[in-house]
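Report on the structure given below.
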Amino acid sequence: MHVKKGDKVVVIAGSDKGKIGKILENLPKKNRVVVENVNMQTKHQKQTKEMQQAGIIAKEGAINSSNVMLYCDKCKSGVRTELKIENDKKVRACKKCGTVLK
Ligand SMILES: [Zn+2]
């Protein structure tokens, strides 16, 4: 997987193309990710003890991880990354501007 939970990514394909969000869930076995506010699915929620509110709820659906790219705040776009060594740790950096993406 080229992205991980908590990464800021931009959607590069599909109906949510151009949306920016954080990765909420990583599903490496399925090669899919769940991104904040992307691929919203509405579901009818029945009232349960845990869910006091019944009705329609919106929840993110998983999308293919190849449809997202890491987002660089400096470049203001999705970017390719390269590995850098910083304090003896491998980090990912933007290939364009060199900013380390955490
Ligand atoms: Zn950059």
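Please treat every number below as a calculation from the coordinates, not as lab data. Note that the structure is predicted; figures quoted are calculated from it, not measured.
Across the stretch 1-64, how many lysine pairs separated by 8 or more positions, or lying on different chains, have Cα atoms within less than 19 Å?
20
With N set to the residue count of the stretch 1-78, report its C-alpha Rg divided by 2.2 N^0.38 Å to two decimal places.
Expressed relative to 2.2 N^0.38 Å, the Cα Rg reads 1.24.
Gaussian network model of the chain, Cα springs within a sub-10 Å range: biggest mean-square fluctuation belongs to which of Asn64, Asn39, Asn87?
Between Asn64, Asn39, Asn87, it is Asn87 that shows the largest mean-square fluctuation.
Of the residues Asp16, Asp73, Asp88, which exhibits the maximal mean-square fluctuation in a Gaussian network model of the chain defined by a 10 Å Cα contact cut-off?
The residue with the greatest mean-square fluctuation here is Asp88.
Distance between Cα centroids, the stretch 64-82 to the stretch 1-36: provide it in whole Å.
10
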